[in-house]
Amino acid sequence: MKIKKLIRNLFTLIIATGFITGCASDNYKKSASTAAALAKSSGMITKGNTFIDESLANLNDLVSNPNPDLRKQFKAFKASVNDLDSTAKDITSEAEEMKSQGEAYFAKWDKEAAKMRNEDIRNRSEARKNEVASRFGHISQQYDETKTAFQPFLSDLRDVQRFLATDLTAGGLAAIRDIAAKANRDAMPVKASLGNLSEEFKGLGVSMSPTVPK
């Protein structure tokens, strides 16, 4: 009877231990999701820079080297601006998802740290969380600032598209030439800011990933 009772108690302990382990939250899964969102956003931003180049190349070709029939060149310009606009919306959506996942990740980090009984370990966890959260907050702010700078640039390209859709003539091209030149100048700081942001997103994603780069 004592042996059976011992086995029963041991079995109960195993179940209880398994239950406790199962209840422990693996916050690294949230970290992995956030890291994936950061990496995806980084790729989209790089793609957006490519569409900026394409939009300007097509606009410059239309304004500086117009074909006898302007419609094909305008169609190419319009398509590249549409691609840029669509990518910008995707980046915004992905960035908002990244922020949401980040908030959940840090909230869970706080919750798990509060359960730690060893004060030294708890303090180290708090210091690490503050370090990562500070970097995350900085990048989120950088994204908002970059987005604010990018929107007028895209708006101008959209207005050029609307202008030419109404007046796709040699006279229309002449009237918009200085605006096209301005778009080329404005693109330089916008592209630089987007490039820096892409690298920041990528770097933070790597640092928050549960996989170690080789």
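Six or more apart or on different chains, Cβ atoms under 9 Å: show the pairs whose first residue is in the stretch 144-167 and farther than 18 Å from residue 87 by Cα and whose second is modelled with pLDDT of 95 or more and basic (Lys, Arg).
Sorted first by the residue in the stretch 144-167, then by its partner, the pairs are 164/78; 165/78.
From the list 93, 86, 125, 155, which one is over 30 Å from residue 184 (Cβ atoms) and hydroxyl-bearing (Ser, Thr, Tyr)?
Details: 93 fails: over 30 Å from residue 184 (Cβ atoms); 86 fails: over 30 Å from residue 184 (Cβ atoms); 155 fails: over 30 Å from residue 184 (Cβ atoms).
From the options 93, 86, 125, 155, the qualifying one is 125.
Can you find a residue in the stretch 186-202 that is aromatic (Phe, Trp, Tyr), open to solvent by 70 Å² or more (accessible area, probe 1.4 Å) and part of a helix (DSSP H, G or I)? Step through it out loud before you land on a result.
Start the filter on the stretch 186-202 by keeping residues that are aromatic (Phe, Trp, Tyr), which leaves 201.
Still in the running and open to solvent by 70 Å² or more (accessible area, probe 1.4 Å): none.
The answer is no, given that none of the residues of the stretch 186-202 is aromatic (Phe, Trp, Tyr), open to solvent by 70 Å² or more (accessible area, probe 1.4 Å) and part of a helix (DSSP H, G or I).
Considering every residue within the stretch 130-141, establish whether at least one is in contact with a helix residue (DSSP H, G or I) (Cβ under 9 Å, 6 or more places away or on another chain), surrounded by 12 or more Cβ atoms within 10 Å (Cβ to Cβ) and farther than 30 Å from residue 109 by Cα.
Within the stretch 130-141, none of the residues are in contact with a helix residue (DSSP H, G or I) (Cβ under 9 Å, 6 or more places away or on another chain), surrounded by 12 or more Cβ atoms within 10 Å (Cβ to Cβ) and farther than 30 Å from residue 109 by Cα.
Do you know which residues across the stretch 146-195 are touching a Lys or Arg at 6+ places or on another chain (Cβ under 9 Å) and closer than 10 Å to residue 63 by Cβ? Explain how you work it out, then say what you get.
In the first step, residues of the stretch 146-195 are kept if they are touching a Lys or Arg at 6+ places or on another chain (Cβ under 9 Å); the result is 156, 161, 164-165, 168.
Selection gives 164 alone.
Return only the number of the condition from (1) in contact (Cβ under 8 Å) with a residue 60 or more places away in the chain; (2) touching an Asp or Glu at 6+ places or on another chain (Cβ under 7 Å); (3) not acidic (Asp, Glu) that residue 52 does not satisfy.
So residue 52 meets the others, but not (2).
Would you point out the residue of the stretch 48-86, among those that are among the hydroxyl-bearing types (Ser, Thr, Tyr) and either open to solvent by 10 Å² or more (accessible area, probe 1.4 Å) or over 22 Å from residue 156 (Cα atoms) (or both), that is nearest to the chain's Cα centre (by Cα)? Give the derivation first.
Keep residues of the stretch 48-86 that are among the hydroxyl-bearing types (Ser, Thr, Tyr), which gives 50, 55, 64, 80, 86.
Subset that is either open to solvent by 10 Å² or more (accessible area, probe 1.4 Å) or over 22 Å from residue 156 (Cα atoms) (or both): 50, 64, 86.
Details: 50: 16, 64: 35, 86: 14 Å.
Checked the stretch 48-86; the qualifying residue nearest to the chain's Cα centre (by Cα) is 86.
Do you know which residues across the stretch 100-134 are touching an Asp or Glu at 6+ places or on another chain (Cβ under 9 Å) and among the acidic types (Asp, Glu)?
Of everything in the stretch 100-134, those that are touching an Asp or Glu at 6+ places or on another chain (Cβ under 9 Å) and among the acidic types (Asp, Glu) turn out to be 110, 126.
Restricting attention to the stretch 87-98, report how many residues are open to solvent by 40 Å² or more (accessible area, probe 1.4 Å) and touching a residue at least 60 places away in the same chain (Cβ under 8 Å).
Final tally of qualifying residues: 1.
From the residues in the stretch 18-47 that are polar (S, T, N, Q) and open to solvent by less than 70 Å² (accessible area, probe 1.4 Å), which one is modelled with the highest pLDDT? If you could, list the steps in order and put the result at the bottom.
Narrowing the stretch 18-47 to residues polar (S, T, N, Q): 21, 25, 27, 31, 33-34, 41-42, 46.
From the residues that got through so far, the ones that are open to solvent by less than 70 Å² (accessible area, probe 1.4 Å) too are 25, 27, 31, 33-34, 41-42.
Details: 25: 53, 27: 62, 31: 71, 33: 74, 34: 75, 41: 81, 42: 84.
Applying the filter and picking the extreme gives 42.
The values are calculated or read from the model by the stated rules, or taken from the named source; none is laboratory data. Keep in mind it's a predicted model, so treat the numbers as computed, not measured. Cβ coordinates were reconstructed from backbone atoms using ideal geometry, including for glycine residues, and neighbour counts include every protein chain displayed. Accessible surface is based on the protein model in full, side chains and every heavy atom, while ligands, DNA and RNA are left aside. Shrake-Rupley method; radii C 1.70, N 1.55, O 1.52, S 1.80 Å.
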